[in-house]
There are 2 protein chains.
Amino acid sequence: MNTEVCRRFGIEFPLFAFSHCRDVVAAVTNAGGFGVLGAVAYTPDRLEEELGWIDDHVDGRPYGVDVLVPGKIDESAERGGGLGTMLAAVPEEHWTFLAGLFEKYDVPLPDFEKAKGSNARGGPQVTKQGASELIDVSLAHPIGLIASALGTPPPLMVERARAAGVPVAALVGTAEHARRQVAAGADLIVAQGGEAGGHTGEISTMVLVPEIVDTVAPVPVLAAGGIATGRQMAASLALGASGVWCGSVWLTTEEAETPPQVKEKLLAATSRDTIRSRSRTGKPARQLRSAWTDEWEGPASPGALGMPLQMIVAEGAMRQINKIAESGNPGARQLASYFVGQCVGLMNTVKPARQVVYDMVQEFADAVERLNAITEG
Amino acid sequence: MNTEVCRRFGIEFPLFAFSHCRDVVAAVTNAGGFGVLGAVAYTPDRLEEELGWIDDHVDGRPYGVDVLVPGKIDESAERGGGLGTMLAAVPEEHWTFLAGLFEKYDVPLPDFEKAKGSNARGGPQVTKQGASELIDVSLAHPIGLIASALGTPPPLMVERARAAGVPVAALVGTAEHARRQVAAGADLIVAQGGEAGGHTGEISTMVLVPEIVDTVAPVPVLAAGGIATGRQMAASLALGASGVWCGSVWLTTEEAETPPQVKEKLLAATSRDTIRSRSRTGKPARQLRSAWTDEWEGPASPGALGMPLQMIVAEGAMRQINKIAESGNPGARQLASYFVGQCVGLMNTVKPARQVVYDMVQEFADAVERLNAITEG
């Protein structure tokens, strides 16, 4: 296909795949798209390992890395002192509420002192210091894109990426943020509608994409949020986008890191089964609605903390829940959740990631043909 | 253009225009689209007058009527006894809160006993009895479509429309509702995303349209919610829709009934300036965010009543507010609001309705050409 981003990024199809799973990243890149590894859950060492693996599997084809550099986080995290300071900033009532949840749903209670440590995975990486380390690791690899998923990319990120000749992408949910990102040096804008999985705003893809295309032209824009099919890819390009950025659709691929029981939940879910909730990271993020989100939004909840404190409380707990759910524990199954967009209702079969790319490209072509038949009629 | 709905409804462009303003309805129909008059705000006599005027101005070209037949409303309204019973069911604290709002924003206090009567406009029409009268008036005119904006069309509506040879359309926000509407006899489904103005669900147009197209095929589907440009019309048809249904975009046309001061607010608003709130009708409806919606969602609020009781409290008050805002009253300007979708951010100039149609059709053609250039590249 012939779009601005195909030329600029040396790809065949303007389809960017965000995934935490290196196999998905490599499969999409090898199929002619552009895989982007979500780095936030990794320590620098682990990220080094993942990127090395990808380098060994894509034969020089382009891929990228996405780090999460929030503009504003809980000050305990930025004050320095690392994990200890952050743990001390979590009020006791949040641990009590969490323990109560495990008890209420009859999920084997973890060792909380130990859990607090393991729960903290993900917390340190969203500080400026943590993100900076991930950026350094990433730029030492032959990546074709570095993306910032939250907030304006820090000047340091833009400078280092520029020096390394790597374009910078930024995910945004409003035209105002898009303007700010371009001013800060972003080369590519990902306009992400509120129907998206993970951190997301409230303006829908259908409205946001044309608005942002007009705002930042001639900077190319990828459409994101709710996109899982070739018809939606065609719709996005009709809106003026230069390509699409998909995250959710890979969660039910053969390669995905998604635990089997969560994959089942995703396959069964309809577009009504997601909710935008602060209960996982402290910022509004769309995910499967479950007993977890209901309880944190419910009357007994102490309320979600800010980012990254809520991640420290929730991420390790959710990993344990999703793991215990595999053993058939019914309470854990009720609580189990996963970041996913409203397009989960369109994800009904398990396919290899490569096949998802090919199917989207074929459906894209069919949609364009249908439009031609309409105008020629 | 050549789509299922163009053939079936005898129109040139598959562009349906929902408006409370007869001038918009006639202008769109005369430009080759399909105007649909929103009837809910009218008494049967007034509706008769409006439809007569349209008949005199469209020279036999097709137009339709939209009535609001909610599936579930406050039982005081259905119990019979009419307006008196409904007024008696409004708790005193709601009138007190309303009076307090007028006072707080220094808006000249209306005569409340009188206001209660005039406020009730709109209330009676959403009962089954009220809707039934509007349906009778409508079917006595040469309409080409009757639409039900909320809930499953009552069997009586479907039977009478069938007998009159008039197709029935139904607005839905979920695939499940679409299935139910088709089972109840709907000939055309309007899949309305959560970004739409007025009564709306939470699933976005980008996700909802392909989901519903697949669910109800071969019944034709119109895409609605957030659509105000030809790019979005092309996107909708790429998603599999057979046409589009637009409401908000007409509010800033030259013909629109919108009060001038509200029109100014709409032109200045961005896509972030709307909110889905129960504060106008008792059911979640998207509108301009204003001091009105903030106060009703705020801590001092007694909470919105159900439909139609909240309409009785709010509709007359909002009419007064919008009217007083015209005189420059600053408090009334803060409170003033209007039902509108997120595409309000794309509505930045005043044009004749006819011109909106022509511009959308031209932009549609441009978008298809752009898609062709992409696939041919």
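Set the Förster radius R0 to 60 Å, insert the Cβ-Cβ distance between B:Thr96 and A:Asn372 as r into 1/(1 + (r/R0)^6), and round the FRET efficiency to 0.05.
With a Förster radius of 60 Å, E is 0.50.
In debye, nearest 20: dipole of the range B:269-314 around its Cα centre with unit charges on the Cβ of K, R (+) and D, E (-)?
240 debye
What angle, in degrees between 0 and 90 and rounded to the nearest 10, separates the Cα long axis of helix A:128-139 from the longest principal axis of the Cα atoms of chain A?
40 degrees
Report the net charge of residues surrounding B:Gln355, where surrounding means a beta-carbon distance below 14 angstrom and charges are Lys +1, Arg +1, Asp -1, Glu -1.
So the environment of B:Gln355 carries a net charge of -3.
Principal axes first, then extents: for the Cα atoms of the protein assembly as shown, list largest minus smallest coordinate on each axis, whole Å, largest first.
76, 60, 51
What does the charge dipole of the range B:160-267 about its Cα centre add up to, to the nearest 20 debye, if the Cβ of each Lys and Arg holds +1 and the Cβ of each Asp and Glu holds -1?
240 debye
Taking a label point 7 Å from the Cα of B:Trp53 along the Cα→Cβ vector, which residues of the range B:241-284 have an amide N closer than 18 Å to it?
B:250-260
In whole percent, what relative contact order does chain A give with Cα contacts below 8 Å and a gap of six or more residues?
Worked out over chain A, it gives 19 percent.
For the range B:261-354, build the charge dipole from Cβ charges (+1 Lys, Arg; -1 Asp, Glu) around the Cα centre, then report which of B:Leu309, B:Asn348, B:Thr293 sits farthest towards its positive end.
Positive-most Cα among the choices belongs to B:Asn348.
Over 24 Å between Cα atoms: which of A:Lys265/A:Lys323; B:Lys104/B:Lys323; A:Lys283/B:Lys265; B:Lys128/B:Lys323; B:Lys128/B:Lys283 fall into that group?
Flagged as over cut-off: A:Lys283/B:Lys265; B:Lys128/B:Lys323.
I'd like the mean, over residues of B:198-204, of how many other protein chain beta carbons sit within 10 Å of each residue's own Cβ.
Across B:198-204, the average partner-chain Cβ count within 10 Å equals 5.
Taking the alpha-carbon set of the range A:196-261, what are its Rg and Dmax in Å?
Rg and Dmax of the range A:196-261, Cα atoms, are 13.3, 44 Å.
Have a look at A:Gln181, A:Gly82, A:Val107 and report the one farthest towards the positive end of the charge dipole of chain A, computed about the Cα centre with Cβ charges (Lys/Arg +1, Asp/Glu -1).
A:Gln181
Output the antiparallel fraction of DSSP beta bridges having both residues in chain B, as a percent to the nearest 5.
Among the beta bridges of chain B, antiparallel pairing accounts for roughly 20 percent.
Shortest first and in nm with one decimal, please list how far the A:Ala140 label point sits from its counterparts in the other copies (point 7 Å along Cα→Cβ).
Those separations, rounded to one decimal, come out as 8.3 nm.
Compute the signed sum of charges (Lys and Arg +1, Asp and Glu -1) over the other residues within less than 11 Å, Cβ to Cβ, of A:Glu255.
Here the charged neighbours net out to 0.
Compute the angle between helix A:92-104 and the longest alpha-carbon principal axis of chain A, please, reported from 0 to 90 degrees and rounded to the nearest 10.
Around 90 degrees separate the two axes.
How well do other chains shield peptide A:224-235, expressed as the mean number of their Cβ atoms within 10 Å of each residue Cβ?
Partner Cβ neighbours, averaged per residue: 6.
How many nanometers, to one decimal and shortest first, lie between the label point of B:Ser301 and those of its other copies, if labels sit 7 Å from Cα toward Cβ?
1.9
Could you please state, rounded to a whole Å, how far the C-alpha centre of the range A:172-241 is from the C-alpha centre of the range B:173-245?
So the two Cα centres are separated by 21 Å.
Averaged over peptide A:205-217, how many Cβ atoms belonging to another chain are found within 10 Å of each residue's Cβ?
Mean inter-chain Cβ contacts per residue within 10 Å come to 6.
Just the number, please: percent antiparallel of the DSSP beta bridges in the protein assembly as shown, rounded to the nearest 5.
Of the beta bridges lying entirely in the protein assembly as shown, close to 20 percent run antiparallel.
Note down the magnitude of the dipole of the range A:7-53 about its Cα centre, charges +1 on Lys and Arg C-beta and -1 on Asp and Glu C-beta and zero elsewhere, to the nearest 20 debye.
280 debye
Relative to the other copies, what are the label-point distances for A:Ala164, with labels 7 Å from Cα along the C-beta vector, expressed in nm at one decimal and sorted shortest first?
So the distances to the same position in the other copies read 6.7 nm.
Kirkwood Rh over alpha-carbon pairs of chain A, then Stokes-Einstein at 20 °C and 1.002 mPa s: what D in µm² s⁻¹, rounded to an integer?
102 µm²/s
FYI, it's all coordinate maths here, none of it is from the lab. Because the structure is predicted, anything quoted here is derived from the model rather than measured. Backbone-built Cβ (ideal geometry, glycine too); neighbour counts: all protein chains shown.
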